[in-house]
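This report concerns only the one structure given below.
The values are calculated or read from the model by the stated rules, or taken from the named source; none is laboratory data. What you are looking at is a predicted structure, and each value in this text was computed from that prediction instead of being measured. Because the Cβ atoms are built from the backbone with ideal geometry, glycine has one as well, and the counts that use them run over all protein chains shown.
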Amino acid sequence: MSFIQEVLTYGNEIVQHALNAMNGCEGNYQQALLLLLLMPKVPSNKLNKEMTDKFFDEFPALKSIPPAKTVVEFILEDNFKDEIYNDTSDMSRWNKLTQLKQNMLDYYTHNVCESNQGGQFHEFHTKFYQMSLQLKRLRLVIQPEFHVIKNVHPVSKIPYLSVRGFWLDDNDKKVKVFTKSLGREDSYVDGKNDREMLMDASKQIQEMSFAKYQELYS
């Protein structure tokens, strides 16, 4: 079950269990979140995990509650490949990721601490679903998913390569949306498995997916 499916299924528990465990929210809760969100300039999976651990050190009662634990881990832990963190060529993407995480935690804790009314849950549920999908899409921009396809020209019989990249539709389903020609296969030393070609393919999909992200969320 995906995280967004869990929100749809157990969303009310995410709020109510957290409320119960936090016993009405003490005043230092919001302050702890602000300290937690001082993201490092160069993030990593290790640092993200440490931030999650720090959160649950502050609020150990929440750690034993699966819905609340799922929310915090989903927001804070990107689980990118290690080499993704080394790419600082466009820091605006990392800045957007940090800001979106902060907005999600702020929104979640605001509702946990202040919206203890069942009638308000539908609005919270819809908004949090939208924010969760946005976060998953931004992660897909930072670490693109794609396939390289080989096609043979019917007349010349020359093999050509193209890349097809994935996006998440409004139902949280991965769909092939982006396509870019990479030229003749013999232009690359190792053909379809050429490292330089794969890096270029990733960059091309990243640029197209980021443009799509900007179109939707700017």
Quiz item: When the range 179-207 is examined, which residues are found to be part of a strand (DSSP E or B) and not hydroxyl-bearing (Ser, Thr, Tyr)?
Solution: 180, 182, 183, 184
Quiz item: Of all residues in the range 70-98 being closer than 17 Å to residue 53 by Cβ, of a type in the set (D, E, K, R) and surrounded by fewer than 18 Cβ atoms within 10 Å (Cβ to Cβ), which is modelled with the highest pLDDT?
Solution: 77
Exercise. Go through (1) at pLDDT 95 or above; (2) over 21 Å from residue 92 (Cα atoms); (3) surrounded by 15 or more Cβ atoms within 10 Å (Cβ to Cβ) and name the single condition residue 169 misses.
Key: (3)
Quiz prompt | Options 183, 191, 165: the member that is touching a strand residue (DSSP E or B) at 6+ places or on another chain (Cβ under 7 Å) and either at positive phi or free of Cβ contacts under 8 Å to residues at least 24 places away in the same chain (or both) | solution = 183
Practice problem: Quick one: which residue in 212, 150, 176, 157 is surrounded by fewer than 19 Cβ atoms within 10 Å (Cβ to Cβ) and either assigned by TED's automatic domain parsing to the domain that holds residue 95 or in a helix (DSSP H, G or I) (or both)? | Solution: 212
Exercise. Please indicate, with yes or no, whether at least one residue in the range 179-187 is exposed (fewer than 12 other Cβ atoms within 10 Å of the Cβ) and touching a Ser or Thr at 6+ places or on another chain (Cβ under 8 Å).
Key: yes
